[in-house]
Structures are given as structure tokens and as C-alpha cells.
Amino acid sequence: MRRQASLEQVIGTYRLVFIGVAALVLAMGVISALGFLYYESDARAPELLAARVAAGATLLLLLRWGFVRLKQELQRAADEQRRLLDFAYQDALTGAHTRSYFFSALRENLHGNDRPVAYMQIDMDNLKVLNDSQGHAAGDSALVHLVKTLKTLMPDALIGRLGGDEFGIVLVGQDSKPALVRLGDRILQTLGQPISIEGRPIRLSATIGVALWPQDAAEADELISKADLALYKGKKQGRASTVAFESELMADERHKRFVERDLRAAILLNELELHYQPIFAADGVTRLSYEALVRWQHPVRGRVPPCDFIGIAEQSDLIDKLGDWVLRRACADLGRLGTPNVGINVSVVQLRRGDLAERFTAILKNTGTKGSQIVIEITESLPLQPGTVELDNIDTLRALGVRVAIDDFGTGFASLEYLRGFPFDIIKIDRSNVMNLPGSRIDGLIVSAISKIARSLKVEVIAEGVETEAQLLFLQRVGVTALQGYLLARPEPLAMPRLASAA
């Protein structure tokens, strides 16, 4: 309706100018005709000349007025149209531009002028934790506060919401990375000031990646990719930082692609292997089970530690292929292990796949393995909420008889509330709580408390990282039900003699 009103004003101005010009043209025609009639006698010639001059001047003034008025009306209509477009392409929650509009505007800024353009990509840290601990309303408030902060500190910036907790910022005319890093740090400092969300004081955190056009990239997609690389480096360094893109990051990216390519081939060609570490009863002698640990012997690079390829796999579909390979191999090895079950590690990323339970079930069926013969170990850093894909997958697997162990217990999100709401069968005490036993009074109290909780919940409790006799005696005394560590046995491939004798 407003757009229509603006257009009607422009049309009205056109109409007024047309009528005015037409009237003046008609008047000048009449004056010219009278001049022709009185041409022979110049009695009224001065008056007619003056009338012609006045009519011409009026016509010029009218045309000038019409030009100014039309220009004003067109500008007003354009401003109104732009405001309406901004409203239509605005994120309803935060007020930032939508993803599609933002990318379109970014491309226009890159190719519509010859001034440098700075692109900043900002990602909220631990927003999922805030959502899980205090509800999605708290997370929404955090995002709204973030955009409000960005608009306050950068009123001329173009700000777009790219995803759930990720935003893009475009600054035209900026070409200094040190200045942009200082600006990013100022944003983080402002976000770090406590604010009240859902009645609680909270400090927000974010990570920012910076890239410049045309210095770092020629096209919008490349610019975004390089800012994303810088952001990813900031995440790896501990988050809550601003990182500018440098050419060295491309070497890291090439390394990542190299590992991803070779790992994909290793899975396809069955070049990986599993090492199995025994889990013993509290007596430290009886073998109850094994934990399967994936190992990669690269034909050129030699042994590749899991920490160097698991994280890369989690950034693509490789983690699913790797997880399927581990499960299939563990099922095939079960008969030779000589224990009722075997444990495998399941990544948080795998749990968030909607088809995990379906693929898991298919592998069990194809290998003739019962669900009760498998234990999945899930890191305690996974926050779980009812109704999520993660819990749905866990519930489906437990219905098959698969048992669930909380791995790395004592290092992540665990609490009594977590234990109450999470369906599990085994607690694995993290090695960080075992390594200082029995000398550390605090660690001793923690391990004793976990053991008591496990007994009250009627679940097993396994202590990891047992490396000394003193640790073993302490853990036996506080009542753990199982033990795992280098003191008792190291991870070994199934073909090793020691493991073969156990089979």
C-alpha cells in the first residue's frame, strides 16, 4: 500500500507538470496568433513581446520545478522501496539481513565499486550449551544481543545471519587487517560484559574470522571461504578470538584435504586396523571385554595418530564411513576376542545423523551380531535433551540390546541431573581423575563419589588410565567394578600373540 501511494505521488507530479506545460504552450500559441494579427500595426507589440517573455520564463521555471519535484518523489519512492525490501529480507529474530539477501548485497559491494571490502565472519561460542542448559529462549536472547552489539559498534556495516549462530559482516572501505582485528577484539570485549538473560548474569563469547577483498580473494565465495578458515583456526586455538586470514592457512587446508583424501582411500581399501585394549574385572585378572581403538598405518607417512584424522573425519561424511568400518570390523573380530562383548567409540557427530540407528542395525544383521554384544562409548561432553536426534538414536540402539557407556566421565557436562535423564549402563571414569591417585585428596573424593553413585544406580563403573599398583589398590578399595589401563594391558592388534592367547 505504501509503495502504491509513493508511485501515485510521482504520477501526480507528472500530471501537474504536463498540465502546466500544456497550458503554457497553449498560451504561447494564442500570443503568437495575436502577434500575427497585429503584425501590421505595432500598437500592442510591446505587450505581446512581454507576454511571450513571461510565458517562456514561466515555462522554464515550471520545468525546473517539475524536475526537482520529480527527483524528490523518485528518491522518496526509492527509499521507501529499499526500506520495504530491507524489512522483507530481514531475519525475524535478530533484525540482521537474511542469508540470501546478505550474499546478494555482498556480491554487489564487491563488483559495484572500486573500494576495498572487509568481510568478517562471527560465530557464537557454546550457544548449544546455553540452549541446552537454560532453554532456547536464552539462546535467542544471546543472538539478539549479539546483533545489537554489532549494530552499535558498526552502524554502517552490512550484517547478515548465515546460520543458527553464525553471522557475516561487510565493511566497505576497510583494508587494514590489524585495525579489523582490533575491531573484532572490541566486539568480543563488549560481548564479554555480563548481561542478564532469563534472570541470570551471563557472559557471551564468539570467534571471528577476517578476510579482505581484493587482497585475499577475487570473488565472494572465495572471500567467505577464507574468512571461514580464519574462524576455524580461532576455534582450534581456544575460541573467543579474532583471527585474520593469512596465506599459511591455505597450507593447513591443503593438509586437511590431503588427510581426508587418503583416509577415504584407506577406508575403501580396508587399510585401517583395530587395536583392542582389555577391560578387566576389579581383581585385575579376569578379562570382561575389550575397547576397540582405530589405528591408521599410512604407507608413506607412517603411523597417523587418531587425533590427526578423527577431527578431520568429523567435518565430513567420512566419520560415518569410518564408524561403519569400525563397527563392521569389531563384529567380525568378536568370535576371536573371547569376550561376551566389545566396546566401540561413537562420535557426537555420528549420533546427530538421522540414519545412524538404521545403518547400525543393518551392520549387526549382516554380520550376525546381537545388539547385546556391542557397547557404544559416548563422550560425556555431549549435552543431551529429550526429543533430540541423539537421544532417539540411543533409545533405538538400546532397544536392540546395545549397552551405552558414558566415556571420559568427570570432564564434561555430567551432573546428577544429567545422570538422571540419560539412559546409560556404564560409567567410565576419565584417566585425568585417576592419574593423581592416591596422592590427590580431591581426585580421591571424586572417584569415590562416582563409584557410590554407580552402585546406587546399579550400573557398572570402569576406571580408565590405571598405570600404577597404588592406583589399582585405591580403585579396588573404593569399589570400582572394572579396570582399564597400561598397568594391566596395552591396546594391541588382534594378531598379536598376547591377544591371540586370550582368544
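The values are calculated or read from the model by the stated rules, or taken from the named source; none is laboratory data. What you are looking at is a predicted structure, and each value in this text was computed from that prediction instead of being measured. Using ideal geometry, Cβ is built from the backbone for each residue, glycine included, and neighbour counts are taken over all protein chains shown. Surface accessibility is based on the protein's heavy atoms, side chains included, excluding ligands, DNA and RNA. Shrake-Rupley method; radii C 1.70, N 1.55, O 1.52, S 1.80 Å.
Numbers at a glance
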item	result
Under Karplus coefficients 6.51, -1.76 and 1.60, residue-wise ³J(HN,Hα) of the range 129-142 in Hz, glycine/proline x	4, 5, 4, 6, 7, 10, x, 5, 5, 5, x, 4, 4, 5
For peptides 241-247, 208-214, 450-456, sequence by mean Cβ density within 10 Å, most packed first	208-214, 241-247, 450-456
Rounded Å value of the spacing that divides the Cα centres of the range 344-379 and the range 243-302	18
For the range 427-452 versus the range 101-176, the gap between their alpha-carbon centres in whole angstrom	43
Neighbourhood charge, 9 Å Cβ-Cβ cut-off, centred on VAL434 and excluding it, Lys, Arg +1 and Asp, Glu -1	-3
In Hz, Karplus ³J(HN,Hα) per residue of the range 105-113 (6.51, -1.76, 1.60; θ = phi - 60°; x = Gly, Pro)	5, 4, 4, 4, 5, 5, 10, x, 8
Carbon/sulfur fraction of accessible area - the range 303-373, other protein chains in place, 1.4 Å, %	50
Eligible aspartates and glutamates near LYS452 by straight Cα distance, threshold 13 Å, same-chain separation 8 or greater	GLU460
Anchor LYS236: lysines whose Cα lies under 19 Å away (excluding residues fewer than 8 positions away in-chain)	LYS128, LYS226, LYS256
Förster-model FRET efficiency, 60 Å R0, LYS452 and GLU271, C-beta, rounded to 0.05	0.85
Surface share of carbon and sulfur [accessible, 1.4 angstrom probe, percent] for the range 135-189	49
Accessible area expressed per residue, the range 85-165, with surrounding protein chains retained (probe 1.4 Å, Å²)	47
³J(HN,Hα) computed for each position of the range 430-435 - Karplus, 6.51 cos²θ - 1.76 cosθ + 1.60, integer Hz, glycine/proline x	5, 4, 5, 8, 9, 4
Rounded accessible area per residue of the range 275-333, 1.4 Å, Å²	40
Local net charge near PHE309, Cβ-Cβ under 12 Å (Lys/Arg +1, Asp/Glu -1)	+2
Modelled FRET efficiency - R0 35 Å, HIS298 with LYS365, Cβ distances, 0.05 increments	0.60
Å² of accessible area per residue within the range 430-501, as computed with a 1.4 Å probe and no ligands counted	51
